[in-house]
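What follows draws every value from the coordinates through simple rules; no lab data is involved. Since this is a predicted model, take the numbers as computed values, not measurements. Cβ placement follows ideal geometry from the backbone for every residue including glycine, while neighbour counts extend to all protein chains displayed.
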Amino acid sequence: MKNWNARKSIVAAADMEPHHRLTPTLSWPHLIALGVGAIVGTGILTLIGVGAGKAGPSVILSFAIAGVICAAAALAYAEMATMIPASGSAYTYTYVVIGELAAWVIGWSLILEYSLVVSAVAVGWSGYAAPLLQGLAGAPMALMQGPELGGIINLPAIFIIAVVAGLLIYGTKESANLNALLVLVKIVALIVFVVVALPHFDAARFDPFMPFGFPKSGPPGAEVGVMAAAAIIFFAFYGFDAIATAAEETKNPGRDLSIGIVGSMIACVIIYMAVAAAAVGALGYTRFANSPEPLALILREIGQGGAATYLAASAVIALPTVILAFFYGQSRIFFVMARDGLLPQGLARVSSRGTPVRITIFTAAIVATIAGIFPLDEIAALANAGTLAAFIAVAVCMLVMRRRAPDAERKFRTPLPWPVGAVAILGCLYLFYSLPSKTQLYFLVWNALGLIVYLLYGSRRASRHPE
């Protein structure tokens, strides 16, 4: 433990062993598509139903609150990503700025975040795919849902994870090109939803606007209110942090990372607010609350069955972009932690195509197991806890570097850094408080387990690069 506060320096890619070196193949259009692909997905296509069940029509306010906090965190990420253009995202920034033990906690939290996001989106994808598969092939529902929903195992969720893992093993640039194409499919589907739903808009459906109040309330496990919904809907906004994990594979990270992070966040905030307003205005929130396919349900309820089928088909085609983006981020977090020796270094080897095959297969096994068994809302809530910890760490790192190295080169400078940093930190802390009590407990248990792993393995084997 004597090195728990050791800070690492960034090792240039050219100085790394060839089998530990990632290949730069991405430019800013790839990064924006990666960000939009990660952000626009399960959150708006499925979790809007969960949020409406907790907040009613004021779910729109929940979206706004979560969006503002994420925007502040995104600005901090953009500054840190251009200052430290290395893979690992919040884990790497924390290792460089604060120290090894804090970096381990953040890396361990990111493992939780990315693993559960991939699993949650796979379950969300299955929610749209299962009705189509049942209608086309008569597949039994028992094989399309986890045990808590009355099934045996969620095979569609496991299948889509295997497909995405295969794409990432094949190649990063090829995966990014396919991702960009599928992102367009998803955006067009959401535009179609807004256009079709708006003629059915009725302002009376927003009264009462805040039926469950503002702060978190209710018994443990059944918390409601605007902030309870925001703490879950927060899941719908993050994804831009996956862009930061692509730093070593970006051709011009100093320019392209900030364009990708900020550009994808702006695009997604606009899309989300339009879709949420159209959804609540077209159908009473109680009718689609907690539905596994709320937007398709809304379209069917207003007599637009053809548009509903189109939306569901688009979700089945395009939701894998979210899985791809977060799976990519998860494998890179694992990869960098293994390269640093905090996890087994044998996992940090790349193939002849420049992709980390071993870590991708290892990640696929973990997330497929989670997706096959657990329900969406519990997965999403626990994923949020890991993300909130990472966002707080990045905002702290930005403020520490503003104090420690105020004149250092910053190719992107966060405007009003101290107020923006405070919004990110305090907002994330309040969202963490607003999470279900059970989720908070699980998160603490996960990190206690992580500290044991660090003490028994990571702290003894870390390949430290001292400042």
Residues Tyr430, Tyr328 in order from fewest to most other beta-carbon atoms within 10 Å are Tyr430, Tyr328
If amide H atoms are modeled at 1.01 Å from N in the peptide plane, then the residues at a separation of 5 or more from Leu26, or on another chain, having amide H under 5 Å from its own are Thr250, Lys251
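Give me the number: length gained by fully extending Arg404 to Arg460, i.e. 0.36 nm times residue separation minus the C-alpha to C-alpha distance, one decimal in nm. Mind showing how you got there, number by number?
Values: separation 56, 0.36 × 56 = 20.16 nm, distance 2.90 nm.
That works out to 17.3 nm of additional length.
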Sorted on mean Cβ neighbours within 10 Å (highest first), peptides 153-165, 199-211, 182-194 come out as 153-165, 182-194, 199-211
Per-residue Cβ contact counts at 10 Å, fewest first, order Trp446, Trp104 as Trp446, Trp104
